[in-house]
Amino acid sequence: MTRQRALRVLAAAIVCGAMLAVPAKVYAQDLPRVVSMNLCTDQMVLLLADPEQIVSLSRLARDPRSSSLAQEAEAYPQNAGGAEEIYLSDPDLVLAGRYSDKATLAMLRHLGLQVAQMPLTKKLDDIPAQIRQMGNLLRQPSRADTMARQVEQTLAAQPALTPDAPVAAFYYPNGYSLGVDTLGHDIVTTGGLRNLSQKLGRQNSGRLALEELVMNAPDLLVTTQPYRGGSRSEEIMLHPALAQYAQTDRMVYSSPDWVCGTPLALRAVQDVRRAGNNIRHEEK
């Protein structure tokens, strides 16, 4: 145990009011013990780390509506993202996202913890580099490189987008639609569909008027499954003008696979490709 880590254990003991035992186990290859406080780093950790490395994951890790690996996350403790809680768990590494709380991260760094923030993924081509970056942080470079090469090979095998491809429109509660500069756009276009936002020149995400959606008549809608109960934001999804998409099975429901830059995003690509192939088959 390093002197710095020993001091952290002692400080934790003083705060808790009891002496903490020094961990007797020395992990293979001296692998870092990790706390993840971000949904996407949760999933990267679950994919790449040894189980013994995982100190805790964020509260979203077990939410099946948010995480593609919610069931796998059940085996690990959760954290609420607080500096005190994370510090007292005595990790070697804290993993956060691009927009994790700045004050919390500053406090953890001030207390001597190593904090790494992963970038927001906007393109599928970014995923291999991010896998390797995470592999280096976790000291699992071989495992990460194997996974990254599999992603690269899968992406290289995807057919090119054709100019006459069916058009998909992102349409979420409150009429929110994803622009071109998003991971969702790259999933749709890699899956063989054109994004209506690109046709409309919408680089950024934002509200798309129902009238504009109807006038452009996309071939398919990408949307979300409604939550239980009801909400005013979801009422627009029940508009009669959109009923035909549900009735003709021309909806793709974006799952947690669409959220993070992990290899699981490739499953979303395949969902889109299947939907596009069905449309082409219907139109023959």
Practice task
May I ask you to order 158-171, 50-63 by the average number of other C-beta atoms within 10 Å around their residues, highest value first?
Solution key: 50-63, 158-171
Fill in the blank from the handout: Computed over all unlike Cα pairs, the Kirkwood hydrodynamic radius of region 34-120 in Å stands at 12.6
Problem - Cα gyration tensor shape of region 227-281, rounded if a/c is under 1.5, else prolate or oblate by comparing a/b with b/c - result: oblate
Practice task
Obtain the nm distance between the two label points defined at Asn174 and Gln225 by a simple spin-label model: each point lies 7 Å from its Cα along the Cα-to-C-beta direction.
Solution key: 2.3
Exercise for the section: Sort Arg228, Arg274 by accessible area with a 1.4 Å probe, largest first. Expected result: Arg228, Arg274
Problem - Nearest-20 debye value, region 34-120 charge dipole, Cβ charges on Lys, Arg, Asp, Glu - result: 400
Handout entry: Sparsely packed trypsin sites (Lys or Arg not before Pro) within region 110-146, loop by DSSP, other Cβ within 10 Å at most 16
Key = Lys122, Lys123
Problem - Cα-based Rg / Dmax (Å) for region 167-283 - result: 13.4, 37
Exercise for the section: Could you sort 235-241, 216-222, 254-260, 69-75 so that the peptide with the highest average Cβ count within 10 Å comes first and the rest follow in order? Expected result: 254-260, 216-222, 69-75, 235-241
Completion exercise
Counting only protein heavy atoms and leaving out ligands, DNA and RNA, the solvent-accessible surface of Tyr172 at a 1.4 Å probe, in Å² to the nearest 10, equals 30
Exercise for the section: Using just the helices of the chain, give the 222 nm mean residue ellipticity in deg cm²/dmol: DSSP H runs with n ≥ 4 each add -39,500 (n - 2.57), and the total is spread over all residues, rounded to 500. Expected result: -11500 deg cm²/dmol
Exercise for the section: Assign unit charges at the C-beta atoms only (+1 for Lys and Arg, -1 for Asp and Glu), then state the dipole size of the chain relative to its Cα centre in Debye, rounded to the nearest 20. Expected result: 420
Handout entry: Tensor-based shape of region 176-225 (alpha-carbon gyration tensor, a/c under 1.5 rounded, otherwise prolate or oblate)
Key = rounded
Practice task
For Rg/Rh (Cα atoms, Kirkwood Rh), several values are listed as (i) 1.08; (ii) 0.96; (iii) 1.05; flag the one computed from this structure.
Solution key: (iii)
Handout entry: Most positive-pole-ward Cα, Leu221, Cys260, Thr182, against dipole of region 167-283 from beta carbon charges
Key = Cys260
Problem - By average C-beta atoms within 10 angstrom, highest first, the peptides 106-112, 124-130 - result: 124-130, 106-112
Fill in the blank from the handout: The FRET efficiency for Arg65 and His110, from their Cβ-Cβ distance with R0 = 35 Å and rounded to 0.05, is 0.50
Handout entry: Point-to-point label distance, Ala156-Glu282, nm (Cα→Cβ direction, 7 Å offset)
Key = 3.6
Problem - Residues in region 111-132 reached by a label modelled at Asn204 [backbone nitrogen below 19 Å; 7 Å Cα→Cβ] - result: 120-123
Practice task
Evaluate the charge dipole of region 167-283 about its Cα centre and quote only its size in Debye, nearest 20, assuming +1 on the Cβ of each Lys and Arg and -1 on the Cβ of each Asp and Glu.
Solution key: 140
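The values are calculated or read from the model by the stated rules, or taken from the named source; none is laboratory data. Keep in mind it's a predicted model, so treat the numbers as computed, not measured. Note: ideal-geometry Cβ built from the backbone for every residue, glycine included; neighbour counts use all protein chains shown. The area values use the complete protein model at the heavy-atom level, side chains included, leaving out ligands, DNA and RNA. Shrake-Rupley method; radii C 1.70, N 1.55, O 1.52, S 1.80 Å.
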